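The values are calculated or read from the model by the stated rules, or taken from the named source; none is laboratory data. Note that the structure is predicted; figures quoted are calculated from it, not measured. We place every Cβ from the backbone using ideal geometry, glycine too, and count neighbours over all the protein chains shown.
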Amino acid sequence: MGAEGAKSKAELSSEGQGRAVYKAIFTFKDDVRLTFDDLSKIFSKNEATLKRWSKEKLVPLSDKHLREAVSNFIAIFRSLAAMFGDKSDRALWLKTAHPDLNMAPLEMMKDSFQGLLHVRAYLDYVRGRGA
């Protein structure tokens, strides 16, 4: 490539991943009517950062903690999509207090990274039982 400013193969691959992650996050956001404030708390990023991601249609994945949070967030989205064909049912499940979790799953996800992991583990468990 040799020319200054040309992107390496790794940079192009990373950018492609960042665009795919953007699409997954913001599809889920729209699907279940999450707000920028919700995402801000889930990913521990300020709203301005999330709005920049939205504008650029790209989520930079250089931060290990963010990659882990994104991975779990997308897994939750996939589990809910497999369990509920209707978007409104996914939103209702996320936003309604659940007896096994003692709170709404979305609130647990926003509370801490551990809460995000707990919701994912719960969904993995429920799907494994065939619910």
(request) Taking the options Lys57, Lys64, name whichever one is without any contact (Cβ under 8 Å) to a residue 12 or more places away in the chain, under 20 Å from Gly16 (Cβ atoms) and charged (D, E, K, R). (result) Lys64
(request) Only one of these is over 29 Å from Thr96 (Cα atoms) and at pLDDT 95 or above: Lys29, Lys7, Lys64, Lys55. Name it. (result) Lys55
(request) May I ask you to say which residue of Asp100, Asp89, Asp38 is within 15 Å of His118 (Cβ to Cβ) and among the acidic types (Asp, Glu)? (result) Asp100
(request) Take the stretch 28-43 and flag every residue that is crowded, with 19+ Cβ neighbours inside 10 Å and either outside any helix (DSSP H, G or I) or aromatic (Phe, Trp, Tyr) (or both). (result) Phe28, Val32, Leu34, Phe43
(message) Quick test of your reading of the structure: Ala104 fulfils all but one of (1) among the hydrophobic types (A, V, I, L, M, F, W, C); (2) surrounded by fewer than 13 Cβ atoms within 10 Å (Cβ to Cβ); (3) touching a strand residue (DSSP E or B) at 6+ places or on another chain (Cβ under 9 Å). Name the failing condition by number.
(response) (2)
(message) So, Val70, is that one under 11 Å from the mean Cα position of the chain (by Cα) and under 19 Å from Lys110 (Cβ atoms) or not?
(response) yes
(request) Considering only residues that are acidic (Asp, Glu) and under 26 Å from Asn46 (Cα atoms), look in the stretch 107-131 and name the one that is surrounded by the fewest Cβ atoms within 10 Å (Cβ to Cβ). (result) Asp111
(message) For the structure I just gave you, tell me whether Ala69 is at pLDDT 95 or above and either crowded, with 16+ Cβ neighbours inside 10 Å or on the phi > 0 side of the Ramachandran plot (or both).
(response) yes
(request) For the stretch 84-123, name all the residues that are in a helix (DSSP H, G or I) and either modelled with pLDDT under 95 or among the basic types (Lys, Arg) (or both). (result) Lys87, Arg90, Lys95, Lys110, Arg120
(message) If I go through the stretch 44-66 residue by residue, how many of them are of a type in the set (D, E, K, R) and crowded, with 16+ Cβ neighbours inside 10 Å?
(response) 1
